[in-house]
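*Asks:* I'd like to ask you about the structure that follows.
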Amino acid sequence: MSKSLKDCGITKKRIELFEKINIRNADELFSYYPFRYENLDKSVFKDWNKGDKVVFEATLISYPSTYRYSRLKSITKFKVFMEDNELEIVIYNRPWTSNLKINQKLVIVGKYEGLNKVTALNYSGKSIDDIVGITPVYSTTKDITQKIIHETMKKAFENSKNDITNDIPFEYLSKYKLLNKVDAIRKIHFPQTMNDVSLALRTLKYEEFLKFYIAINLLKKNNDNKIVKNSKKFNYDDVFSLVNNLSFTLTKDQFRSVNEILDDLQSNKIMYRLLQGDVGSGKTLVAALGLYATYLSNEQSALLAPTEILAKQHYESLNQLFKPTGLKIKVLYSSMNSQVKKDILKELINGEIDILIGTHAIIQENVVFKNLGMVVADEQHRFGVEQRKKLLEKGEKVDFLLMSATPIPRTLAITLYGDMDISTIETMPSNRKPVKTVLIQENSFYSVINDIEEKLNMNEQIYIICSIIEENENFDARNTIDVYENLKKYFNGRYNVGLLHGKMSPEEKEDVMNLFSNNKIQILISTTVIEVGINVPNASVIIIYDAHRFGLSQLHQLRGRIQRGDKQGVCYLLTDNKNKESINRLKVLLKTNNGFDISSEDLRLRGPGDILGTRQSGVPSFILGDLFEDTKIINQARIDANEIIKNQNVHDNKKIVDSIISDNDLNITYMD
């Protein structure tokens, strides 16, 4: 068991800070890896070129003066003397310089602008010998600075290094010439050279993948050994008759996915399946046919949606689909009238409701099914394991289907979801118009104003997305409040402007979305709360400020909001970021509307956490491992994990298997 932070000698105040980011013990702290390293060397003034990053020691010769140009932004200037040269230093948004004194020695890290001017990134009163060298750089928060992380990491390591043991069996440490765990932690957090970092990464990545595949093997074995269920009784032709009268036909991928689900329902093995498909690929219809088969088998179903808006949309669309069948659907959410809720709960336990759609409200203890046979979780990564577990426990041996609109290539899906069966919808319905995507390298609404005025004149509606709600000194980006106020003034009653963000109450959000759905609001300013499932066919334009701040898959999800009707959708990506890599990343969206290609690129660039959400406690996550760059390590770890599972009688193998079982709850009925 890992040492607590308290046992590592960390103060109570710092423990509280780290607990806010879910770091409670030494293992979790040591797994908080640097995201980059600064290799700083002393630099001599005569060698400086404009644009160089420079590190130098100098003497302060003028008192700092600070100028605030907005509530949260400032410029501070002062002069220093270095090697017979007077330099002007500028530092942004760092107004707390009153403690600096004339003739004080400072070490400055910054960018040389030419003409004896330096834009400082940081300054310190330490000796330059304490600053130069390889320095790990960690993700910080408002309360947890680089200094706090470095000091805490050093103290925790010194007080626990003698207790750190190897997770990787000795056979594999020796075979691949890997580091002992204590040396790997030392070299990743306190490297002397970049070669130290490389050696540590090699060991720690292998450990991550090895643990992952051992856990997947255990989960697969756990699920395969489950007590069999009674198969559902229905006729396939009866199920497919539901779609015979639709104005379109199922795509080949939809048809195959439906058959895979129906086969699961009729088998004696409990279904545990992921249904993945691109935005607008028709996943809901596929899931609906599974729900209908369950109804024909005289069992109830539940559909879990992440938001009240999406739950209501599912209710409306399924009600329309099931109208000819006599099947009874109800929707349940927190803000409902209490008497209506009571009536629904009574009908549910009496078996008078066939499908219950709802938010987390349907997980509550007082929601009791008479005969629950199937659960569908939409946007599955937005629900915690315990939430899904509670819903599954409302029935006996319940079939489980998870839907995800963030598709990943099948080979990667098998790697990441090795304990699940996977159905994939790649072909899009023929009536879907691909969204036109335009990249504009300015972060200004006025760049697109003519196009917007034209769309509004045609009675079409517009989303405008910002990455933050309100102005933030630590985050330089457009915010919903300012954009909302500015556009209200600009349109001045010609068109109605609405505001939607996560700090609003569910009732407020619902009111705004209803107004937008009914075209009472023509321009909706929002954060990414509209990302999932919002369906307003008349909305044909989406403008995304600071597009470089979003992942590609998230941008693709957002533009999917305007792929709902028969009008040509247009997505404007606005950014004033000049970074070539960021611009090239955004250009991926100009080349393709295929969500599989986009999420594959996003996985390569950003890692699985951003794509899949938190999987669950039963499977170790990848912090360092890269699914694209580390294919050799992945393949070897998969082979080694199989060997370890087969040979658990070997002491080291049993030790790592037991630790994974101990660290993770492998007894959850269904893991994802």
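The values are calculated or read from the model by the stated rules, or taken from the named source; none is laboratory data. No experiment lies behind these values; they were computed from the predicted model shown. Backbone-built Cβ (ideal geometry, glycine too); neighbour counts: all protein chains shown. Protein only, heavy atoms only, side chains kept; ligands, DNA and RNA dropped before computing areas. Shrake-Rupley method; radii C 1.70, N 1.55, O 1.52, S 1.80 Å.
*Asks:* Out of the residues in the stretch 177-189 meeting the condition of being closer than 18 Å to LYS154 by Cβ and free of Cβ contacts under 8 Å to residues at least 40 places away in the same chain, tell me which one is least open to solvent (accessible area, probe 1.4 Å).
*Replies:* ALA184
*Asks:* Report, by residue number, each residue of the stretch 273-306 that is under 26 Å from the mean Cα position of the chain (by Cα), under 21 Å from ASP354 (Cα atoms) and either among the acidic types (Asp, Glu) or open to solvent by 10 Å² or more (accessible area, probe 1.4 Å) (or both). Please lay out each step first, then the result.
*Replies:* Going residue by residue through the stretch 273-306, those that are under 26 Å from the mean Cα position of the chain (by Cα) are 273-287, 302-306.
Filter once more, so that each one left must be under 21 Å from ASP354 (Cα atoms): 283-287, 302-306.
LYS283, THR284, LEU285, PRO306 - these are the residues of the stretch 273-306 that are under 26 Å from the mean Cα position of the chain (by Cα), under 21 Å from ASP354 (Cα atoms) and either among the acidic types (Asp, Glu) or open to solvent by 10 Å² or more (accessible area, probe 1.4 Å) (or both).
*Asks:* Next question, about the same structure. Within the stretch 251-274, work out how many residues are touching a Phe, Trp or Tyr at 6+ places or on another chain (Cβ under 6 Å) and of a type in the set (Phe, Trp, Tyr).
*Replies:* Of the residues in the stretch 251-274, 1 are touching a Phe, Trp or Tyr at 6+ places or on another chain (Cβ under 6 Å) and of a type in the set (Phe, Trp, Tyr).
*Asks:* LYS13: free of Cβ contacts under 8 Å to residues at least 12 places away in the same chain, under 30 Å from ASN166 (Cβ atoms) and not in a strand (DSSP E or B), yes or no? Spell out the reasoning first.
*Replies:* Working: free of Cβ contacts under 8 Å to residues at least 12 places away in the same chain: yes; under 30 Å from ASN166 (Cβ atoms): no; not in a strand (DSSP E or B): yes.
No; evaluated as a whole, the condition is false for this residue.
*Asks:* Going by what's in this entry, would LYS488 be described as within 25 Å of ASN518 (Cα to Cα) and in contact (Cβ under 8 Å) with a residue 12 or more places away in the chain?
*Replies:* Values: within 25 Å of ASN518 (Cα to Cα): yes; in contact (Cβ under 8 Å) with a residue 12 or more places away in the chain: no.
When the stated conditions are applied, LYS488 does not pass them.
*Asks:* Same structure again: May I ask you to verify whether LYS73 is open to solvent by 40 Å² or more (accessible area, probe 1.4 Å), within 37 Å of the chain's Cα centre (by Cα) and within 30 Å of PHE622 (Cβ to Cβ)?
*Replies:* Numbers: open to solvent by 40 Å² or more (accessible area, probe 1.4 Å): yes; within 37 Å of the chain's Cα centre (by Cα): yes; within 30 Å of PHE622 (Cβ to Cβ): no.
No: the conditions fail for LYS73.
*Asks:* Considering only the stretch 120-143, I want to know if a residue exists there that is at pLDDT 90 or above and open to solvent by 60 Å² or more (accessible area, probe 1.4 Å).
*Replies:* No: zero hits.
*Asks:* Yes or no: TYR292 of a type in the set (Phe, Trp, Tyr) and farther than 27 Å from ASN518 by Cβ? First the steps, then the outcome.
*Replies:* On the way: of a type in the set (Phe, Trp, Tyr): yes; farther than 27 Å from ASN518 by Cβ: yes.
It is true that TYR292 is of a type in the set (Phe, Trp, Tyr) and farther than 27 Å from ASN518 by Cβ.
*Asks:* So which strands (runs of 3 or more DSSP E) are wholly in the stretch 436-532 and hold at least 1 residues that are open to solvent by 10 Å² or more (accessible area, probe 1.4 Å) and more than 30 Å from LYS591 (Cα to Cα)? Walk me through how you get there before you give the answer.
*Replies:* On the way: elements: 436-440, 461-465, 497-500, 523-526.
Result: 497-500.
*Asks:* Hey, does the stretch 644-665 have a residue that's modelled with pLDDT under 80, within 30 Å of LYS269 (Cβ to Cβ), in a helix (DSSP H, G or I) and open to solvent by 60 Å² or more (accessible area, probe 1.4 Å)?
*Replies:* Taking the stretch 644-665 first, the residues modelled with pLDDT under 80 are 662-665.
Going one step further and asking which of them are within 30 Å of LYS269 (Cβ to Cβ), we end up with 662-665.
Subset that is in a helix (DSSP H, G or I): 662-663.
Next, only the ones that are open to solvent by 60 Å² or more (accessible area, probe 1.4 Å) stay: 662-663.
Within the stretch 644-665 (the criterion being modelled with pLDDT under 80, within 30 Å of LYS269 (Cβ to Cβ), in a helix (DSSP H, G or I) and open to solvent by 60 Å² or more (accessible area, probe 1.4 Å)), the answer is yes, since at least one residue qualifies.
*Asks:* I would also like to ask the following. Testing GLY625 on (1) at pLDDT below 85; (2) more than 21 Å from GLN276 (Cβ to Cβ); (3) surrounded by fewer than 18 Cβ atoms within 10 Å (Cβ to Cβ), one condition comes back false. Which one is that?
*Replies:* Tallying (1) at pLDDT below 85; (2) more than 21 Å from GLN276 (Cβ to Cβ); (3) surrounded by fewer than 18 Cβ atoms within 10 Å (Cβ to Cβ), GLY625 fails exactly one: (3).
*Asks:* Within the set of pairs 6+ apart or on separate chains, which have a first residue in the stretch 111-127 that is closer than 12 Å to PHE45 by Cα, a second that is surrounded by 14 or more Cβ atoms within 10 Å (Cβ to Cβ) and of a type in the set (Phe, Trp, Tyr), and C-beta atoms under 8 Å apart?
*Replies:* These pairs meet every condition: TYR112/TRP48; VAL118/TYR112.
*Asks:* Would you pick out the residues in the stretch 242-272 that are among the polar types (S, T, N, Q), in a loop (DSSP other than H, G, I, E, B) and open to solvent by less than 80 Å² (accessible area, probe 1.4 Å)?
*Replies:* Looking only at the stretch 242-272, we keep the residues that are among the polar types (S, T, N, Q), and these are 244-245, 247, 249, 251, 254, 257, 259, 266-268.
Remaining after also requiring in a loop (DSSP other than H, G, I, E, B): 244-245, 247, 249, 251, 267-268.
Scanning the stretch 242-272 gives THR251, SER267.
The rows are residues; the columns are (1) at pLDDT below 85; (2) among the small types (Gly, Ala, Ser).
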residue: ARG382; (1), (2): yes, no
residue: GLN387; (1), (2): yes, no
residue: GLU393; (1), (2): yes, no
residue: LYS397; (1), (2): yes, no
residue: ALA413; (1), (2): yes, yes
residue: ILE422; (1), (2): no, no
residue: ASN459; (1), (2): no, no
residue: VAL483; (1), (2): no, no
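*Asks:* Follow-up question, since we're still on this one. Evaluate the following for LYS587: is it out of contact with any Leu (no Cβ under 9 Å at 6 or more places or on another chain), surrounded by fewer than 21 Cβ atoms within 10 Å (Cβ to Cβ) and not small (Gly, Ala, Ser)? Quick ask: steps written out before the conclusion?
*Replies:* Numbers: out of contact with any Leu (no Cβ under 9 Å at 6 or more places or on another chain): no; surrounded by fewer than 21 Cβ atoms within 10 Å (Cβ to Cβ): yes; not small (Gly, Ala, Ser): yes.
Considered against the rule, which asks whether it is out of contact with any Leu (no Cβ under 9 Å at 6 or more places or on another chain), surrounded by fewer than 21 Cβ atoms within 10 Å (Cβ to Cβ) and not small (Gly, Ala, Ser), LYS587 comes out as no.
*Asks:* Could you list, in sequence order, all residues of the stretch 148-199 that are of a type in the set (A, V, I, L, M, F, W, C) and not in a helix (DSSP H, G or I)?
*Replies:* Taking the stretch 148-199 and keeping what is of a type in the set (A, V, I, L, M, F, W, C), we get 148-149, 153, 156-157, 164, 168, 170, 173, 178-179, 182, 184-185, 188, 190, 194, 197, 199.
If the condition is that a residue be of a type in the set (A, V, I, L, M, F, W, C) and not in a helix (DSSP H, G or I), then ILE164, ILE168, LEU178, LEU179, PHE190 are the ones that fit.
*Asks:* Pick out the one residue from ILE108, ILE91 that is assigned to a strand (DSSP E or B), open to solvent by less than 40 Å² (accessible area, probe 1.4 Å), under 23 Å from ASP476 (Cα atoms) and at pLDDT 85 or above. Let's see the steps before the verdict.
*Replies:* Details: ILE108 fails: under 23 Å from ASP476 (Cα atoms).
Result: ILE91 is the single residue among ILE108, ILE91 that is assigned to a strand (DSSP E or B), open to solvent by less than 40 Å² (accessible area, probe 1.4 Å), under 23 Å from ASP476 (Cα atoms) and at pLDDT 85 or above.
*Asks:* Moving on to the next point. Select from the stretch 53-70 the residues that are open to solvent by 50 Å² or more (accessible area, probe 1.4 Å) and in a strand (DSSP E or B) and list them in ascending order.
*Replies:* Of all residues in the stretch 53-70, those open to solvent by 50 Å² or more (accessible area, probe 1.4 Å) come to 53, 57, 61, 63, 65-69.
Those that are open to solvent by 50 Å² or more (accessible area, probe 1.4 Å) and in a strand (DSSP E or B): LYS53, GLU57, SER65, THR66, TYR67, ARG68.
*Asks:* Within the stretch 22-52, which residues are under 29 Å from GLY625 (Cα atoms) and either modelled with pLDDT under 90 or open to solvent by 100 Å² or more (accessible area, probe 1.4 Å) (or both)? Can you show your working first?
*Replies:* Restricting attention to the stretch 22-52, the residues satisfying the condition of being under 29 Å from GLY625 (Cα atoms) are 22-40.
The answer is ASN22, ARG24, PHE35, ARG36, TYR37, GLU38, ASN39, LEU40.
*Asks:* Looking at the stretch 237-282, which of its residues are closer than 21 Å to ASN319 by Cα, among the hydroxyl-bearing types (Ser, Thr, Tyr) and at pLDDT 90 or above?
*Replies:* Result: SER241, single match.
*Asks:* Any idea which of (1) open to solvent by 20 Å² or more (accessible area, probe 1.4 Å); (2) in contact (Cβ under 8 Å) with a residue 12 or more places away in the chain is the one SER174 doesn't satisfy?
*Replies:* All conditions are met except number (2).
*Asks:* Tell me, please, whether a residue that is of a type in the set (Asp, Glu), within 22 Å of the chain's Cα centre (by Cα) and either modelled with pLDDT of 90 or more or open to solvent by 30 Å² or more (accessible area, probe 1.4 Å) (or both) can be found in the stretch 554-577. Don't jump to the end; show me each part of the working.
*Replies:* The first filter runs over the stretch 554-577 and keeps only residues of a type in the set (Asp, Glu), leaving 566, 576.
Retained after the next criterion (residues that are within 22 Å of the chain's Cα centre (by Cα)): none.
Looking for residues that are of a type in the set (Asp, Glu), within 22 Å of the chain's Cα centre (by Cα) and either modelled with pLDDT of 90 or more or open to solvent by 30 Å² or more (accessible area, probe 1.4 Å) (or both), one finds none in the stretch 554-577, hence no.
*Asks:* If you don't mind, there's one more thing I want to ask. Look at the stretch 573-584 and say how many of its residues are charged (D, E, K, R) and either touching an Asp or Glu at 6+ places or on another chain (Cβ under 7 Å) or closer than 19 Å to ILE542 by Cα (or both).
*Replies:* Total meeting the criteria: 1.
*Asks:* Could you list all residues from the stretch 128-147 that are touching a residue at least 12 places away in the same chain (Cβ under 8 Å), out of contact with any Leu (no Cβ under 6 Å at 6 or more places or on another chain) and not in a helix (DSSP H, G or I)?
*Replies:* GLY133, ILE134, THR135, PRO136, VAL137, TYR138, SER139, THR141, LYS142 - these are the residues of the stretch 128-147 that are touching a residue at least 12 places away in the same chain (Cβ under 8 Å), out of contact with any Leu (no Cβ under 6 Å at 6 or more places or on another chain) and not in a helix (DSSP H, G or I).
*Asks:* Here's another thing I want to ask about it. Among (1) at positive phi; (2) of a type outside the set (S, T, N, Q); (3) touching an Asp or Glu at 6+ places or on another chain (Cβ under 7 Å), where does GLY280 come up short?
*Replies:* For GLY280, the failing item is (3).
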